[in-house]
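Note sheet for the following structure.
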Amino acid sequence: MHSSETWFARSGAILTFVSVVVQFILADLKKSEIQNLFDSELRLRDKFKKIREKDFYHDALSTASTLTGLIGTIIWGYGDLLL
């Protein structure tokens, strides 16, 4: 295996790791948001309505992170064959 192939495969591992970290951060942010919402004085119906609302930025980051993880996994596993 050549040096460039090794580094390319390692870059896939790094992409996958970053993707997992971003997913954990997003989950923690969502958990904190829900926790703060239920600590608020809103009525229960309003709380559930707020939870069901789509958050465009959260969804976009989650999708981008998922795709990054998938691409990183493919590069990690098959990087030596792709170059």
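Taken together, the values in this text are just the output of simple stated rules run on the coordinates, not laboratory data. Given the structure is predicted, the values throughout are model-derived calculations rather than measurements. Note: ideal-geometry Cβ built from the backbone for every residue, glycine included; neighbour counts use all protein chains shown.
Applying a DSSP loop filter and a limit of 11 other Cβ atoms within 10 Å to the GluC sites (Glu not before Pro) in the chain leaves Glu41, Glu53.
Between Arg52 and Tyr78, the FRET efficiency estimated from the beta carbon spacing at R0 = 41 angstrom works out to 0.55. Here the gap between Ser11 and Thr63, fully extended at 0.36 nm per residue and compared with their Cα-Cα distance, gives a gain of 16.7 nm. Checking every one of the trypsin sites (Lys or Arg not before Pro) in the range 1-79 against DSSP loop status and a limit of 15 other Cβ atoms within 10 Å picks out Arg43, Lys54. Charges were assigned to the Cβ only: +1 to each Lys and Arg, -1 to each Asp and Glu. The resulting dipole of the chain about its Cα centre is roughly 400 debye.
Its Cα gyration tensor gives the chain an equivalent ellipsoid; the semi-axes, largest first and in whole Å, are 40, 11, 6.
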